[in-house]
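The values are calculated or read from the model by the stated rules, or taken from the named source; none is laboratory data. Everything numeric here is computed off the predicted structure, so don't read it as measured data. All Cβ positions, glycine included, derive from the backbone under ideal geometry; neighbour counts span all protein chains shown. Heads up: the accessible areas ignore ligands, DNA and RNA and are worked out on the full protein's heavy atoms, side chains in. Shrake-Rupley method; radii C 1.70, N 1.55, O 1.52, S 1.80 Å.
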Amino acid sequence: MMQDETRFGRGFTLWFTGLSGAGKTTISEIVERELQERDVKVEALDGDVVRTNLSKGLTFSREDRDTNVLRIGFVADLLTRNGVGVIVSAISPFKEPRDQVRRQIVDFIEIFVDAPLEVCAERDVKGLYKKAYAGEIPQFTGVSDPYEAPAAPELHIHTDQEEPHESAQRVIEKLEYFGYIRSSEVEAYN
């Protein structure tokens, strides 16, 4: 989309995908604060929170993971169509459900939050990787279950190579480029 075809005030979905511990939630929280400071209507749908509330009872089977992603996509689409900026932070390990959500949501920006498995395991404050390597958590994405990386995300962030604020700034710049929010330079003069 060209910058002169602005979409200011329209909803959008930022879909952060990547392994557990890659930095999805950290970056998305920084982006959310920045958007709130710019008076953008924004809602965050974090994978852990959604699983507790909207998808309670689902397992970690492939079918249930796909169902979880499609449920998140359904809610994100409703909010997006109603002018809300939606920030989704969910592992969403499989390509087909992510692509299905992309087809459903017109204003969709996929952000691949990428870090090597070792780095994700080092960052893991909950000890999930340790349990997964010990066989205590079956079907753990990246260890005993696959993660299908996006082929062509709108933004590919390598969190082992930059700080979270730098990554968040790149997301904000992408939103400005696509015309969903005004440039911070433009806002400074208004």
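Can you work out ³J(HN,Hα) from phi for every residue in segment 121-136, in order, using Karplus 6.51 cos²θ - 1.76 cosθ + 1.60 and θ = phi - 60°, giving whole Hz and x for Gly and Pro?
5, 5, 7, 5, 7, 8, x, 5, 5, 4, 5, 5, 5, 7, x, 7
Could you please state how large a percent of the accessible area of the chain is carbon and sulfur, counting protein chains only and using a 1.4 Å probe?
Here carbon and sulfur together make up 51 percent of the probe-accessible area.
Go through segment 104-141 and name the trypsin sites (Lys or Arg not before Pro) that are in a DSSP coil and have 16 or fewer other Cβ atoms within 10 Å of their Cβ.
Of the trypsin sites (Lys or Arg not before Pro), the ones in loops of segment 104-141 whose Cβ has at most 16 other Cβ atoms within 10 Å are K126.
Quick one: Debye curve from the alpha-carbon atoms of the chain only, equal weights, vacuum; give me log10 I(q)/I(0) at q = 0.11, 0.12, 0.19 Å⁻¹ to two decimals.
Once normalised to I(0) and log-transformed, intensities are -0.48, -0.57, -1.37.
Quick one: which residues, 5 or more positions from A44 or on another chain, have an amide H under 5 Å from its amide H? H modelled 1.01 Å from N in the peptide plane, none for Pro or chain starts.
Close amide H contacts, sequence-distant or interchain: I87.
Could you give the angle, 0 to 90 degrees to the nearest 10, between helix 24-37's Cα long axis and the longest principal axis of the Cα atoms of the chain?
Roughly 20 degrees, rounded to the nearest 10.
Using the Cα atoms of segment 61-115 to build a convex hull, what is its mean projected area in square nanometres?
Computed as one quarter of the Cα hull surface, the answer is 3.8 nm².
Using the alpha carbon gyration tensor of segment 43-144, what are the three equivalent-ellipsoid semi-axes (square root of 5 times each eigenvalue), largest first, in whole Å?
The three semi-axes for segment 43-144 are 26, 15, 13 Å.
Nearest 10 degrees is fine. How inclined is helix 95-104 to the longest principal axis of the chain, computing both from alpha carbons?
30
How tilted is helix 164-177 with respect to the longest principal axis of the chain? Cα atoms for both, answer in degrees (0 to 90, nearest 10).
Around 50 degrees separate the two axes.
Sorted by packing (mean other beta-carbon atoms within 10 Å per residue), highest first, where do 40-51, 21-32 land?
21-32, 40-51
Over segment 135-186, what portion of Cα pair distances is larger than 13 Å, expressed as a whole percent?
70
Between Y147 and residues 5 or more places away or on another chain, which pairs have amide H atoms under 5 Å apart, with H built 1.01 Å from N, and which residues are they?
G142
Are any of the pairs K24/K130; K130/K174; K95/K126; K95/K131 more than 24 Å apart by Cα-Cα distance, and if so, which?
From the list (K24/K130; K130/K174; K95/K126; K95/K131), the Cα-Cα distance tops 24 Å for K130/K174; K95/K126; K95/K131.
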